[in-house]
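Heads up: the structure comes next, in structure tokens.
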Amino acid sequence: MLQFKLVLLGDSSVGKSSIVHRFVKDSFDEFRESTIGAAFLSQTIKLENEPDVTIKFEIWDTAGQERYKSLAPMYYRNANAALVVYDVTQADSLAKARSWVEELKSKVSDKDLVICLVGNKVDLCEDGSEPKAVEKEDAESYAAEHGLLFHEVSAKSGSGVSAVFQQIGSKLYAQKKDSLAASSQQRNTVNVELQRPSTNDATSCCS
Amino acid sequence: MNKTSEGNRGREVGQQLRTENMENGKDAGLENEEDETFYDFQLFITQMKDPRAEPIVKYTRSFLHNFVTQKSLWSASEQVKLINDFKEFIYSKLALYEPFKGLDKAKFHNAKEGIEKLIMSKLYSRCFSPCLADESEALDASHARDLEEDKELADKALEYRFLLPNHLEVSDKFLPKIDAFAKMAGKELGRVNQYRAPRDKMVCILNACKVIFGFLKHSKLSNKGADAFIPMLIYAVLKSDVSCLESNLNYVERFRSPDSMRGESAYYLSSLQAAADFILHLNRESLSISDTEEFETLYAENKLQADQERARRDTHEGPGSEAEHYRRVRSPSPTRDIMGSVFSKVTEIFSPSPTPALPETDESVTAPATFVSPRNLSTAIANSTAAANSTSDNEAAATELARKMEQEENTRVFDSLQSMFPEMDQDLISDVCIAKKYRIGVCVDVLLTLSN
């Protein structure tokens, strides 16, 4: 099983914790671990495109209030992935998300850090209760420009949520596979256990 | 006494200690009670007494000896390197020698935990920064910084201890019980100073977080993630006046095995580091102040009071003074620590000669009994273990000790729950305690459910 640390960033009103709660709630119980509280959650998934690969996400929530922004580095150090969340009905929440992306880009030296930009609360626009303040195309092109993954989701309905984690998982797996292949050539030990049938060696999964 | 009954006694002690350990256990708050990580230090000590474990004992003894004799003060990073290297070495040796070699995965892990606890308890006085306060001239930068930050944090906490929940954006939707809970969480956190082993300190941190989550779970908030947790954690730290918090956090980070410092433990340790950091840098700009006048009045009132307290503290030796305070955190009482019985066993293993190879100084035993229960108890235990000469007497003393400690611990949990839920029937609280094995996180949760 591969384990990855994923940190959640975003303003306190964007519903970043709700996305994770939805993800955990909709995932299989058998892979759930009980935790002492809702600020740290751990959830294991199987990759849809690689059914014999299981990935465990350790999800680190951060306090979204502006005054606690300075604490974020203690949370994103050593993270493998970051979910940067904004609210599609609040234009300024995208601006804040962008500042998180910039901070991550400048402060995290790990170039393999997977950043996923996520627009939440699309349900509010779909049912007409709120106008859409951030157009999908705008956010998407920003994401593409900066090499981020991008998704629009509704934590409320669950729409799009599992795709976020599937895509992050796939990308992390692909990266790991590469580094694993590279290091197994050097006969180095890697701090990763691949749970695969014993007939396969660690490199044979590279297709 | 024959071997069999000795063995039985050993198991009994193990059983009793395990009950306590579980209360303190990492997973004590889990819904699934079967899921607990196996942890039994007493068992490890029994294994170490097995003649076949001699190589392990020898390696360990020699490492401990070299650590304290080769150089009187290693830098923090040297300490981490030495200790991690030794752990790696000795873990590989555990796999070669009985009685460890044949253990199943859980018990083997327990042995690794045992090694960590054993060596860190022995090296505590060289590794935990407040123990080194007297050697400030020779201290390396990291240890010296720990001590400075402890002081700065204590000063800041004193300066801002009057803060109201809304100053930190702690939701006002919280029950009126917020202060009681903050205090309780702070009390659990404060127990870090009663233990030497990194794992035990970590357990205190997790227990404090559990109390906060118990509280959050029953508040009518939509967001129960970090947005609610972090401010509440900061509030609890601010209100709790935990001594040497920075030193404790850095000690856990340095000396807890890296493979145990992941997942949940890593998250909550980081959160506490973040909370301490926030308080260290606290000023008016970091707060949400809607009523400036009220804030300034509170600030001035508190400052006056704090200055008076500080003046009193500086002029007096004795309870509350700085010297007294250091004496207390430097030497966790043996009861609270790895449990006195275990200490006598450890000493047995590691000092076959009448003079201990490593000084096991415990000032709390010889110090005047300034505060009542823990110290009196520890003195009583020290006397009883010292009086116990033969092994069987030792075993009996250990059993008795384990019973006493468990009882004391249970009383502590019951008392704090009772003060938290004064409106509740005592029998009910007691029933919940028994049903939930006196595990504070779970008990809080159940009682909150009942009281709502």
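Among the listed pairs A:K69/A:K136; A:K96/A:K121; B:K49/B:K107, those with a Cα-Cα distance over 19 Å are A:K69/A:K136. Structure note, pairs B:K156/B:K177; B:K81/B:K239; A:K5/B:K81: Cα-Cα distances above 27 angstrom occur for B:K81/B:K239.
This ranking places B:H109, B:H143, B:H218 by how few other beta-carbon atoms lie within 10 Å of each, fewest first, which gives B:H109, B:H218, B:H143. Taking Cα centre as origin and charging only the Cβ of basic (Lys, Arg, +1) and acidic (Asp, Glu, -1) residues, the dipole magnitude of the stretch A:2-185 rounds to 640 debye. Per-residue extension of 0.36 nm, minus the Cα-Cα distance of B:R313 and B:E78, leaves a gain of 81.1 nm for this segment. In terms of surrounding Cβ atoms within a 10 Å radius of their Cβ, B:W74, A:W100 rank from fewest to most as B:W74, A:W100.
To the nearest ten degrees, helix A:136-145 and the longest principal axis of the Cα atoms of chain A are 40 degrees apart.
Note on the stretch B:137-328: the alpha carbon radius of gyration divided by the globular reference 2.2 N^0.38 Å gives 1.05. Note the angle between two axes, namely the Cα long axis of helix A:91-107 and the longest principal axis of the Cα atoms of chain A, as a number of degrees from 0 to 90, rounded to the nearest 10. With rounding to tens, the tilt is 30 degrees. Taking Cα atoms only, the orientation of helix A:16-26 departs from the longest principal axis of chain A by about 50 degrees. Applying both filters, DSSP loop and at most 15 other Cβ atoms within 10 Å, to the GluC sites (Glu not before Pro) of the stretch A:75-138 gives A:E135.
Rounded to the nearest 20 debye, the dipole magnitude of the stretch B:137-328 is 1140 debye, with +1 charges on Lys and Arg beta carbons, -1 on Asp and Glu beta carbons, and the Cα centre as origin. Rounded to the nearest 5, the antiparallel percentage of DSSP beta bridges internal to the stretch A:1-109 is 40%. Dividing the C-alpha radius of gyration of the stretch B:66-182 by 2.2 N^0.38 Å, with N its residue count, gives 1.59. Where does the charge balance sit around A:V88 when Lys and Arg score +1, Asp and Glu -1, over other residues with C-beta under 11 Å from its C-beta? Charge balance in the 11 Å sphere: -4.
For the residue pairs B:K122/B:K151; B:K117/B:K436; A:K107/A:K171; B:K117/B:K224; B:K105/B:K183, the alpha carbons lie more than 29 Å apart in B:K117/B:K224; B:K105/B:K183. Principal axis extents of the C-alpha atoms in chain A (largest first, rounded to whole Å): 55, 36, 35.
Computed extension gain for A:E126 through A:E140, at 0.36 nm per residue and net of the alpha carbon distance, reaches 3.2 nm. Rounded, prolate or oblate, given the Cα gyration tensor of the stretch B:59-134, with a/c below 1.5 counting as rounded? Since a/c reaches 1.5 and a/b is larger than b/c, the shape of the stretch B:59-134 is classed as prolate.
Since every read-out is calculated from the coordinates, none of them should be taken as a lab result. All of these numbers come straight from a predicted model, not from anything done at the bench. Note that we place each Cβ from the backbone using ideal geometry, even for glycine, and neighbour counts take in every protein chain shown.
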